[in-house]
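Structure first, then comments.
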Amino acid sequence: MGDAERGIRSAWNRIQWHLERGTVARAVVIAAVLAFVLVAVPSLVSVYWVKIATAAAIFSIVALGLNLLFGRVGMVSLGQIALLALGSWVAARLFFATGLPFPVVLLLGGLITGVIGTLIGLPALRLGGLYLALITLMLAGAISIVLTHVDFPNGGSGFLGHTEATIEYPDVRRPSIAKADDAYFRYVVVVTVVMFLLGLAYVSSKTGRAWAAIRQSEPAALAAGVNITVYKLWAFALASFMTGVAGGLLAANEGKLYAEQFPTIDSITLLAVVLMGGIFSLWGAVAAGLLAKLLPALLDDWGVSPDFVIILFGVGILQVVVTAPGGLVDQMPKDVRRLGRLLARPLRRGESSPEQSA
């Protein structure tokens, strides 16, 4: 028995060593990629592509919120773009009306949007699936209509801060340390990393385990002592907070805001790219941000109508539903390994043929 216990303990120690080694290797690779993005990307591409990359990073935060809601808790929300517009409105109003530091405005915009998102989630607690998607879509449409009539703050007086004067009104301000496009891109990437670390912390905690239990089976989670109401509202609040922070970043990136920048149909597109990127992995949100902003810009640069991207997204959703439920971040490594084995097969045959001939 002693030898068996020692053997089991030795095997377990080897497993832990490999796991820790793999974790360290992944951390090193992620740090290297992040350093390359922060240092090299702004100097390698034009200002136009820097702004596209900034928008992609911002939308990856929005996709992260939906990733947590759908992939971790099982709640489908089609109101994230409306919450993004709301976060942009709140942040723009605070930027024009106060002299608060940029990070404080982002935090306040995220908190206010988080409270509103939680209130939106209240009537949806007893709904799920298609019904939850419909009610959030209706609420998104209502918010879009209100913002269309109210319009976005542009430096005017009063609570709304909007003026119809023909004079040129100022842009939404950026942080003093990141006024240039390349510096602001780096600023956005750092905030994006913070949001992803926050999401990872929640997923790895007791809250994340409660969300996973709710997604698997609400009756089983309730029987295990999980307060379903609290944890669902928590998920709505966290996703709305992240979306509000993204709204503040987007306001400063765009400079001037219009209601036409936030069509309700984009909520459906966002759900499509999140599914394509990978709903069960936080990396899927990064892929979703690139699909949402980089792919249309590439098509436009290649002379293809950006409207064609809707067809590509439709094909991508069909692919996810039929063959790749884990999305691109899950399927691409499998395909690369399969391709590598396929390409290596002739080489192995070539190495074995001289031995056979001898």
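Computed from the coordinates by the stated procedures, all read-outs in this text should not be read as laboratory data. In this text, all values refer to a predicted model and were calculated from it rather than measured experimentally. Quick reminder, even Gly has a Cβ in these numbers, built from the backbone with ideal geometry, and neighbours come from all protein chains shown.
Taking 308, 262, 59 as the candidate residues, the one with maximal mean-square fluctuation in a Gaussian network model of the chain, Cα springs under 10 Å, is 308. Values of log10 I(q)/I(0) for region 40-343 across q = 0.11, 0.13, 0.14 Å⁻¹ run -0.67, -0.93, -1.08, by the Debye formula with one identical scatterer at each alpha carbon and no solvent. If the cut-off is 28 Å between C-alpha atoms, which lysines fall inside it for residue 334, apart from same-chain ones fewer than 8 positions away? By straight Cα distance, residue 334 reaches 293.
The calculated 222 nm mean residue ellipticity attributable to helices in the chain amounts to -24500 deg cm²/dmol, summing -39500 (n - 2.57) over DSSP H runs of n ≥ 4 and dividing by all residues. Check each of the trypsin sites (Lys or Arg not before Pro) in region 203-303 and keep only those in coil by DSSP with at most 15 other C-beta atoms within 10 angstrom; list them in order. In loop regions of region 203-303 (DSSP not H, G, I, E or B), the sparsely surrounded trypsin sites (Lys or Arg not before Pro) are 256.
So, in Å, what gap is there between the alpha-carbon centers of region 236-285 and region 154-225? Taking the Cα centre of region 154-225 as reference, the centre of region 236-285 is 9 Å away.
Dividing the mean sequence gap of close Cα pairs (under 8 Å, 6+ apart) by how many residues the chain holds gives a relative contact order of 28 percent. For the options 195, 332, 138, a Gaussian network treatment of the chain with springs between C-alpha atoms closer than 10 Å singles out 332 as fluctuating the most. Using alpha carbons only, how many degrees (0 to 90, rounded to 10) separate the axis of helix 102-121 from the longest principal axis of the chain? Between the helix axis and the principal axis of the chain, the angle is about 80 degrees.
Of the chymotrypsin sites (Phe, Trp or Tyr not before Pro) found in region 196-261, those in coil by DSSP whose Cβ has at most 15 other Cβ atoms within 10 Å are 258.
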